[in-house]
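Report on the structure given below.
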2 protein chains.
Amino acid sequence: VGSVVVDMSMSLDGFVARLNDDVEQLHDWMFTGDTQMGARSASVLPGRESFKLSGTNAEVLDDYFGTTGAFVMGRRWFDIGERPWGDNPPFHVPVFVVTHRARARLTKGETTFTFVTDGIESALRQAKSAAAHKNVLVGGANVAQQLIKAGLLDEVQIHLVPILFGGGRRLFEDLGVQIDLQTVRVIEAPGVTHLRFRVARRGS
Amino acid sequence: VGSVVVDMSMSLDGFVARLNDDVEQLHDWMFTGDTQMGARSASVLPGRESFKLSGTNAEVLDDYFGTTGAFVMGRRWFDIGERPWGDNPPFHVPVFVVTHRARARLTKGETTFTFVTDGIESALRQAKSAAAHKNVLVGGANVAQQLIKAGLLDEVQIHLVPILFGGGRRLFEDLGVQIDLQTVRVIEAPGVTHLRFRVARRGS
């Protein structure tokens, strides 16, 4: 069975967006290749599918999408992304959006967005079912924090961007609980360090 | 000439100590070797000099002490460390403690602690003079934030520990200013990822 993985790009000072939801510079790594003429390319990139990326970041993105069977995201994340993702969002698997506002299922290209109003655990259950043996990826600080506190998280993948935002929305607000992690892998790449951790156990 | 380097062990959620100044687990990497019987060993380790460490973390520590000509630290950091460092603290170079309380110069083993009461910039000036061509290392969240905001910082070295503290003292509180960084190096080691960044330029 797959894992539940929080996956976010984060500034060194812990922010996943500025206060006005601006995420400029935080996702530049997705469009940054090792070389101009590298041999590898990513097949999918959020909002810029015609762009072919080369190198390490491309491999990370290929792995990211290749091992993911469903996404869970907060409504804020969906709202930020809806326009830039365009008519064929890069997910190509079911996406479950946790929201308080009911909305009919939305299909764009190969991606279906289901709006879940009865809570994060319901969204996660539906995503796990849809993902079958693949991973469920979680995006958005709010839903990530809820899953961490509920002990429902298996892994944390951070794309650490070398910038200090100086303010904004933190991925890890004061959680109020200690969580021990194990480093699974560290990948240095142009403009970003990809860090992956497994949740070891819950502390006191 | 040397660089001014903030150097701190930090939890993945951004804390350098718990609220009660407890730093348990955060510096365990200093005592974690690659193997039990590795070939390399560190010559100095804070408070446990008789302990011989092997492997990557030892190399990082050797490099850390070998390239450092003086330290600047906050009083809180000094207060936390004074007892565990013992009679022969591991610094072996001049240490300048930024404090509001005047205190006579203190010599322990090969380390001299000078208590600077006229501000961080004075402490940094004295440390730079003492360090000559070597680096000045800065420890403590408070002094680090002051130096970052004042634009007096050249590099940031983070020993990123795979743990979520859930609360405590943040290295990077909301700085209120954006700082662009460049990744200098990433070293994966047992129980820690050593990240080093150069301050690129100050944003708006």
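The values are calculated or read from the model by the stated rules, or taken from the named source; none is laboratory data. These numbers were taken from a predicted model, which means no experiment stands behind them. Neighbour counts are summed over all protein chains in view; Cβ atoms, including those assigned to glycine, are modelled from backbone coordinates with ideal geometry.
One table, with the values for the structure above:
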{"item": "Of all residues in the range A:182-204 being surrounded by fewer than 21 Cβ atoms within 10 Å (Cβ to Cβ) and within 7 Å of another protein chain (Cβ to nearest Cβ), the one that is modelled with the lowest pLDDT", "result": "A:E188"}
{"item": "Residue list for the range B:109-137, filter: outside any loop (DSSP other than H, G, I, E, B), hydroxyl-bearing (S, T, Y) and more than 15 Å from B:A150 (Cβ to Cβ)", "result": "B:T111, B:T112, B:T114, B:S129"}
{"item": "Residue match in the range B:143-151 (condition: of a type in the set (A, V, I, L, M, F, W, C), free of Cβ contacts under 8 Å to residues at least 40 places away in the same chain and more than 21 Å from B:G74 (Cα to Cα))", "result": "no"}
{"item": "Residue satisfying all of: in the range B:58-76; part of a helix (DSSP H, G or I) and of a type in the set (A, V, I, L, M); farthest from B:L195 (Cα to Cα) among these", "result": "B:A58"}
{"item": "Residue selected from the range B:1-18 under the condition among the hydroxyl-bearing types (S, T, Y) and assigned to a strand (DSSP E or B), by the criterion nearest to the other protein chains (Cβ to nearest Cβ)", "result": "B:S11"}
{"item": "Boolean, B:G38 is surrounded by fewer than 18 Cβ atoms within 10 Å (Cβ to Cβ) and either modelled with pLDDT under 90 or over 30 Å from A:L195 (Cα atoms) (or both)", "result": "yes"}
{"item": "Selection within the range A:162-183 - under 19 Å from A:V5 (Cα atoms), part of a strand (DSSP E or B) and under 17 Å from the mean Cα position of the chain (by Cα)", "result": "A:R170"}
{"item": "Flag for A:L137 being away from every other protein chain (no Cβ under 11 Å), modelled with pLDDT of 95 or more and buried (at least 16 other Cβ atoms within 10 Å of the Cβ)", "result": "yes"}
{"item": "Pair list, Cβ < 6 Å and 6+ apart or interchain, from the range A:156-178 residues that are facing another protein chain (nearest Cβ under 7 Å) and closer than 18 Å to A:P190 by Cβ to residues that are surrounded by 22 or more Cβ atoms within 10 Å (Cβ to Cβ) and aromatic (F, W, Y)", "result": "A:P162/B:F197"}
{"item": "Sole exception among (1) surrounded by fewer than 16 Cβ atoms within 10 Å (Cβ to Cβ); (2) β-branched (V, I, T); (3) touching a residue at least 60 places away in the same chain (Cβ under 8 Å) for B:T107, by number", "result": "(3)"}
{"item": "Which numbered condition A:G86 fails, given (1) at pLDDT 90 or above; (2) surrounded by fewer than 20 Cβ atoms within 10 Å (Cβ to Cβ); (3) at negative phi", "result": "(3)"}
{"item": "From the options B:V44, B:V72, residue that is surrounded by 15 or more Cβ atoms within 10 Å (Cβ to Cβ) and modelled with pLDDT of 90 or more", "result": "B:V72"}
{"item": "Residue in the range B:50-68 that is modelled with pLDDT under 90, closer than 26 Å to B:A104 by Cα, surrounded by 15 or more Cβ atoms within 10 Å (Cβ to Cβ) and not basic (K, R) present", "result": "yes"}
{"item": "Single residue of A:A123, A:A132 found to be away from chain B (no Cβ under 14 Å), among the hydrophobic types (A, V, I, L, M, F, W, C) and surrounded by fewer than 16 Cβ atoms within 10 Å (Cβ to Cβ)", "result": "A:A132"}
